[in-house]
1. Relative contact order for segment 18-164: what percent, with Cα pairs under 8 Å and sequence separation of 6 or more?
2. Would you mind counting up the charge near Asp81? Only other residues with Cβ under 13 Å from its Cβ, with Lys and Arg at +1 and Asp and Glu at -1.
3. Using a probe of 1.4 angstrom, how much of the accessible area of segment 147-271 is carbon and sulfur, in percent?
4. Any idea which of Trp77, Leu210, Ile156 is furthest toward the positive side of the dipole for the chain, if Lys and Arg beta-carbons carry +1 and Asp and Glu beta-carbons -1?
5. Share of segment 43-117's accessible area from carbon and sulfur, percent, 1.4 Å?
6. For segment 119-271, just list the percent of Cα-Cα distances falling in each 10 Å bin from zero outward, please.
7. Please compute the alpha carbon radius of gyration of segment 219-266, then divide it by the globular-protein estimate 2.2 N^0.38 Å. Two decimals is fine.
8. Per residue, how much accessible area does segment 150-271 show when a 1.4 Å probe rolls over the protein heavy atoms, in square angstrom?
Amino acid sequence: MKRTIGIIVCILFLGHTYAQSINQNNLPAVVLNSFQLKYPNAENASWKLVEGKYRAKFKINDKYNELDLDNRGNVLWFHQDLWGSEVPESVLKTIKSKVQYFDLDDADLIKEGSHVSYEINFEIDGKDHDFWIDDKGKLLKYRKELKDSEIPLTLINKINTTYGILDIDHSKYIEEGRKIVYIIRGEINDMDHIFSIDDKTTVLKHEQDLRDSEIPYNIIQIINNTYRDYDLRDADMLEEEGAIRYIIKMRKSKQNIYVTFSPDGKILETK
């Protein structure tokens, strides 16, 4: 059975944030008092302790809200669901500069310190469109799913001539500031590949699922000598900024480890 790209699992594993549920009665008084003063109409509040911050999820007027407070009760981050009618005209104008006709599926207000932004999501022909726009109407980031026909042919030609013929599964367009990047995912010779490639056809990042036979021999030797008690579960190659790394997932009993190697077999990181 063909494996999916294990590096994605690795990234999720390494990026997992530990959160502990906490009863409201066990909150520090200063945190609870601050919350109740700021949001006296909050309903159905639930709390978690996340990396030393107190995260609350609650409803006000049937709309979901979420925030982080520090141990002094200061609001660090705030997220609120919005009705479509609450989205400022300046934000809608920016969206219309990219997409003329749309129906809002979801709109959110986000505050972090003094910075205010809006996250807007909707679908067109089954393809997601996501906008991040500040309160002055400046486009911060725009991301959309693409049909295969919307991918510039120059990008497809670059991938096909450099890496092999790609059978496309999924693609996205990302615009952030002056930077435009396409994320293109598919299969080459029945193995998964993910490409991050800019509009000038520069490959920024390439992730490739590997067969065991494609793992460099010197890495296999290290695995056989140092991790002989582990089962090899997945192997991926990551090419980024001209550097190549190999990420190997292994398992012993119920424990997974992820070992990152340089092409010459040097161990760079173990998680």
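The values are calculated or read from the model by the stated rules, or taken from the named source; none is laboratory data. Just so it is clear, the model here is predicted, and its values are computed rather than measured. Neighbour counts run over all protein chains shown; Cβ positions are idealised from the backbone, glycine included. Please note that ligands, DNA and RNA were not included when accessible areas were found on the heavy atoms of the full protein model with its side chains. Shrake-Rupley method; radii C 1.70, N 1.55, O 1.52, S 1.80 Å.
1. It comes to 13 percent, rounded to a whole number.
2. Cβ neighbours under 13 Å give a net charge of -4.
3. 44 percent
4. The residue sitting most towards the positive pole is Trp77.
5. Carbon and sulfur: 43 percent of the exposed surface of segment 43-117.
6. 10, 32, 27, 21, 9, 1
7. 1.16
8. Per residue, segment 150-271 has an accessible area of 56 Å².
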